[in-house]
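First up is the structure itself, then whatever we jot down about it.
The values are calculated or read from the model by the stated rules, or taken from the named source; none is laboratory data. In this text the structure is predicted, and so the values were computed from the model without any measurement. Every residue, glycine among them, receives a Cβ derived from its backbone with ideal geometry; neighbour counts consider all protein chains shown. What goes into the accessible areas is simple: the full protein's heavy atoms, side chains included, and nothing from ligands, DNA or RNA. Shrake-Rupley method; radii C 1.70, N 1.55, O 1.52, S 1.80 Å.
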Amino acid sequence: MNIIARAAIAVYDGSALSPIFPARPAKPDEGACAYLSAVADKLMSSDGSRTTCVEPGGAQEELLRRFLTLPFGEAASALLASMDEAMQTLEIPREGFDLAVFSFDRDNEPHLCVAMLPYRAAVVHQVEPDGENGVLTQLLAHGTVLPLAGSKGTAGFVVNLSTGDIRLRDTAVLTNVGNRQLFGEALFSMAATRTTKEAVAAVTEMIEQAAPPDMTPQELRPAVKRAMSKSIEEKGVIDVQDVAQEVFRSDPEREAIIEQVGRQMQEEALEPVIPVENKRVMAQLQKVKIKTDNGISITLPRTLADDENSFAVVSNDDGTISIIISRVQELRTE
């Protein structure tokens, strides 16, 4: 769990006092720390998150870098005020959420998280005394309950204050100039990049386009996933050139194919190295999913699918295909 040192929460609950800004930051209690820590982890590791940055040397970078040079409360107040002003200018509805700004250290480097926590409707119980010995119980509806830490509705970013690298998970909002991404376009101006999921899909498509005609998608896609998984195991990232080298290692036109992939990457402005912080993406690359035309669906660990003694796909004389799974010790039907 990330140790949350300080937090400032701005409340946009639609009340007469809204927006409500804290007079000073507070040290969250244990439960709040666990919640905010889980929010930060979600923003960093979601497959809908992307790595980006603000313009170097600009006013927005200065807003973030103040957290290194000024007291947290002063820096947080300036950041919250700036975001609130942007919401007013763009006529973004300022109701139905809290804005959380909090700091923590990870790998001995200072990090800052800015998160939008949209309210959800919830029902809670209330217990009241009734006379001398009795109690009354009833249910009350609340419309200002914060989302679960892993909720899909949570948006925001985590910035490494030492490097300026940002992991962003955004959400679309309606402004007076049309739909915009809340943090990447409306409140800040962040570099346009792809999410991890989008980058993996783009690389897969590029390699499929560069592949020779005799290499079928059924053969190619598992090979791409296998190569990506290998790159993650060896380097902790997806190195696109290594992936192409691995997929086409036995093709006589390998160098020409890799050059084509490189040109496509430049045209699409795709980074040659894709950071992978999402465990779900890694888990997907380490599995093989097979579906047949007669409704059979099989999911295998990649290590098992690559073991010829445990798994095989055989072409029959009549044109059909057989799937053989060997060395099974136990079979369960669910």
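For the chain, what % of the accessible area comes from carbon and sulfur atoms, probe 1.4 Å? It is 49 percent, rounded to a whole number.
For the chain, the convex hull spanned by the alpha carbon atoms encloses 240 Å³ per residue.
Mind grabbing the base-10 log of I(q)/I(0) for segment 1-138 at q = 0.19 Å⁻¹? Debye formula, identical points on the C-alpha positions, no solvent, two decimal places. Relative scattering, expressed as log10 I(q)/I(0), comes to -1.28.
Taking all protein chains together and rolling a 1.4 Å probe, Leu64 ends up with roughly 10 Å² accessible.
Summed over the residues of the chain and divided among them, the accessible surface reaches 59 Å² per residue at a probe radius of 1.4 Å. Convex hull volume of the Cα atoms of segment 166-324, normalised per residue: 167 Å³.
Largest accessible area first, the listed residues Leu168, Leu148 line up as Leu148, Leu168 when surface is computed with a 1.4 Å probe on the assembled protein chains. Considering segment 107-180 at the alpha-carbon level, its Rg and Dmax are found to be 20.3, 62 Å.
For the chain, relative contact order (Cα pairs under 8 Å, six or more residues apart, normalised by length) works out to 15 percent. Heavy-atom accessible area for Ile324, with the other protein chains in place and a 1.4 Å probe, reaches approximately 80 Å².
For the pair segment 55-134 and segment 168-233, the centres of their Cα atoms are 29 angstrom apart. To the nearest 10, the accessible area of Glu219 is 100 Å² with a 1.4 Å probe. If the cut-off is 29 Å between C-alpha atoms, which lysines fall inside it for Lys287, apart from same-chain ones fewer than 8 positions away? Correct list for Lys287: Lys42, Lys152, Lys197, Lys225, Lys230, Lys235, Lys279. Here the chain is scanned for trypsin sites (Lys or Arg not before Pro) in DSSP loops (not H, G, I, E, B) that have at most 12 other Cβ atoms within 10 Å, and the longest stretch holding none of them is 1-151.
For segment 240-280, the gyration tensor built on C-alpha atoms gives an oblate shape. Its axis ratio a/c (a ≥ b ≥ c) is at least 1.5, and a/b is not larger than b/c.
Counting pairwise Cα distances across segment 162-236, what percent come out greater than 22 angstrom? Of all Cα-Cα distances in segment 162-236, 48 percent exceed 22 Å.
Put simply, the Cα atoms of segment 74-127 extend 44, 34, 17 Å along their principal axes, the longest span coming first. Under 14 Å from a label point set 7 Å out along the Cα-to-Cβ vector of Gln60, the amide N atoms of segment 174-208 belong to 180-193.
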